[in-house]
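Written out below as structure tokens is the structure these notes cover.
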Amino acid sequence: MTVLTSRPLALTALALASALFLLAQAPTPVTPPPNPANQATLRAANGDRVITIARQNGLTYFAADEAMAALGGSVTREGNGFKAALNNTVAAFGTDSRFGVVKDDLIEMPVPPITIDNRPYVPWQFFQGFLIRSSGLDATWDPAARILQIHPAQTTAVSVQVSVANVQGISKVVVTLTAPADYTIVKEPGAYTVRFRNAIKAPYVEQAHEDPYVARTSFIGNDLRIQLTAPDVVGDAYRLENPFRIVLDLRKGAASGPGTPQPVISSRPVESPGIHTIVIDPGHGGKEVGAIGPAGLMEKDATLTLCRKLAAALEAKLKTRVVLTRNDDTVVPLDQRTAIANQYHADLFLSVHMNAAIVKGAHGAETYFLSLDASDKLAEKAAELENASKNAAPAASSDLKLMLWDLAQQEYLNESSRLAQAVQEEMNRITGIQSRGVKQAPFKVLVGATMPAALVEVAFITNPDEESKIKSDAFQATVVEALTKAVERYKIDYETRIGIAQPPPPAVPTTTAPAAPTTTTKAATTRTGT
Amino acid sequence: MRRAVALSLAILAIAGGCKKRALTPNLNVENKVQVRPVTLYFEGPEMLLVRETRNVALPENPAGALSEVAKELLKGSANAGVPHIFPRDTVVRATFLLPDGTAFIDLGGDTLTQGWGTGSHEELMAVYSVVQTVTTNFPEAKRVRILVNDEPAETLAGHVNLSRALVPRPEFVAR
């Protein structure tokens, strides 16, 4: 076992791949004979080819060597696995993993490839994942016609991501798209179908969910089918912008439930500049307990207690709307936490945690904002793709949008730094515990937040002394005071810099609430100034 | 485990096959093991990563050596006073090194599988002990992607984003 370090060999492979590509391009397109059951048509720009397929357990597999040869590439056996090569890009895959590897990324397949007579057969998603990364092409499988269509990745194809989370008894299905799309939502017995009018790029074929109301989600053509766990589950749908999202809130319905949800336009009022909505994120929750102190205090409980008090203090002091990402002992996925903040058009996001260390005696507070350098490669790729997209590389364009979404927080890093600084300074000043400073780290919960965002580690729960402090009402009050003061400082500073001479007068409660809250308040806890 | 090994073998075999033809046709040479100094990173008393050098018998080819170095890191420091960063049941399931400079480290073990309850600091130390160790000992590795049980992982313990490859971070290392 060793590593590919030979440039001459890589060049040889490139030459070979190029030669194969030219050879494959040369033949006149042929019309395939009628397909027997073990054959399909591979339809590409250079014509139709017949390739061998196999069916196992109801799934269709494609002879990888035949398909890749038809596209101008190759598949070779290497040890216990296989190597597919096309356009100087190499993908590796094995028969015992549903993940192939290409460049520094993974190709996800619904099931692992198989071998028949020592030849590799792969699900069609292998070609989709590999071609997009190697040649700007995409693959679509039509099982009825048995045609594997190879086509340029469509500029109009919108990439879709789906997340499902249950918060406070509401299952929230968030469908995030890389561009606005026309759609309708159809209620069927036991299911909702989101029917897109334009082409979409599905992230998977089918996925099961451990959710009280959502059994599985699946993509069929341009339909997203949301299979419910019971027929009396009902929902409300609405859409949000930047990024474009369709949100379906599902709950157990009464007989008079809303029935067929219709897409609604987010009629969020234009908000005046300034800090009006603050999202506070109590770290961890549910089975994700976080760190545990020597006396048994769990981080998830400590953060929730503290954040409830902080929310009340912020409302009282700043008269702003405050949203908690959770208000009970529930698992909330990390990306859902920033999604909640984005959904509420929050002006500030603060995640609250308790720290842990194996070093005895570790103590003090530290505050983080997102680091850029962990994303260097990503940023580099994004720049490359941006250049490539000028030449109308369609796949690159959609990938770019996804990457830029990953990088959303970068735009706010300067503000996040100021927020983190204010938090740390007030923690130092008011709590009197040791300062561990402001730092940067690639924390998942900060990725994708489209507002200034920071994460504060209040104290070390693994330190017996600090664990005792964390449990005490007096210390909690001190920390709440420090964090409230920090947010107030940041708010005044920010609003002064953007030209608001005075801090905004006390807000009239809820009158500026966006359209979504009637539903979103069920998913996240909204607290409004009184 | 079988899946991870298979994937690893597939990738390593690709690379191995290439190098074998191009550079070292003699398998005996390729599989030669040599005792070499490696630099491992553990958490020091200042709550930053500190270097520890030890001699380890390693295959001469980098991909084979990568797995051994990662396993050596998980053994912990030779100094009994230096605590273990990773949960003690953590194992290296597979490693592979791609030509573009991305090293994949596939970790497993009951704690990581069931959910590691620890704080940001400890998770940062654990993740970057791997990143620093790999990139220090293998100059061809420019970045490190950590998987858990052969699958992409969001985080190890709820904080550090593992959905992308990570580059070294000198500020987490004691000067």
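The values are calculated or read from the model by the stated rules, or taken from the named source; none is laboratory data. Model, not experiment: these values are computed from the prediction. Cβ atoms come from the backbone with ideal geometry, glycine included; neighbour counts cover every protein chain shown.
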- Of the residues that sit in the range B:118-175 and are assigned to a helix (DSSP H, G or I) and facing chain A (nearest Cβ under 7 Å), which one is nearest to B:Asp89 (Cα to Cα)? B:Glu122
- Item | Test: A:Leu318 is closer than 22 Å to A:Thr431 by Cβ, surrounded by fewer than 24 Cβ atoms within 10 Å (Cβ to Cβ) and more than 17 Å from the chain's Cα centre (by Cα) | yes
- Query: Tell me, which residue of the range A:325-341 that is surrounded by fewer than 24 Cβ atoms within 10 Å (Cβ to Cβ) and closer than 24 Å to A:His276 by Cβ is nearest to the other protein chains (Cβ to nearest Cβ)?
  - Reply: A:Asp335
- Query: Say we look at the range B:42-78 and pick out the residues that are polar (S, T, N, Q) and within 28 Å of B:Gly115 (Cα to Cα); which of these is nearest to the chain's Cα centre (by Cα)?
  - Reply: B:Ser67
- Item | In the range A:426-441, residue nearest to the chain's Cα centre (by Cα) [restricted to those that are within 14 Å of another protein chain (Cβ to nearest Cβ) and closer than 16 Å to A:Phe369 by Cα] | A:Ala441
- For the range A:91-104, which residues satisfy the criterion of being closer than 16 Å to A:Ile132 by Cα and more than 7 Å from chain B (Cβ to nearest Cβ)? A:Ala91, A:Gly100, A:Val102
- Message: I need a count of the residues in the range B:51-70 that are under 30 Å from A:Ala365 (Cβ atoms) and either surrounded by fewer than 17 Cβ atoms within 10 Å (Cβ to Cβ) or touching a helix residue (DSSP H, G or I) at 6+ places or on another chain (Cβ under 9 Å) (or both).
- Response: 1
- Query: Of all residues in the range A:63-90 being touching a Ser or Thr at 6+ places or on another chain (Cβ under 8 Å) and in a strand (DSSP E or B), which is nearest to the other protein chains (Cβ to nearest Cβ)?
  - Reply: A:Gly81
- Could you please find all residues in the range B:80-135 being modelled with pLDDT of 95 or more, within 10 Å of the chain's Cα centre (by Cα) and among the small types (Gly, Ala, Ser)? B:Ser129
- Note on the structure: Of (1) within 14 Å of another protein chain (Cβ to nearest Cβ); (2) modelled with pLDDT under 95; (3) assigned to a helix (DSSP H, G or I), A:Asn414 satisfies every one except (1)
- Task: Starting from residues that are surrounded by 17 or more Cβ atoms within 10 Å (Cβ to Cβ) and farther than 30 Å from A:Val90 by Cα, keep the ones in the range B:84-102 and report whichever is nearest to the other protein chains (Cβ to nearest Cβ).
- Result: B:Ile85
- Item | Test: residue in the range A:491-499 that is among the β-branched types (Val, Ile, Thr), surrounded by fewer than 21 Cβ atoms within 10 Å (Cβ to Cβ) and either in a helix (DSSP H, G or I) or not assigned by TED's automatic domain parsing to the domain that holds A:Cys307 (or both) | yes
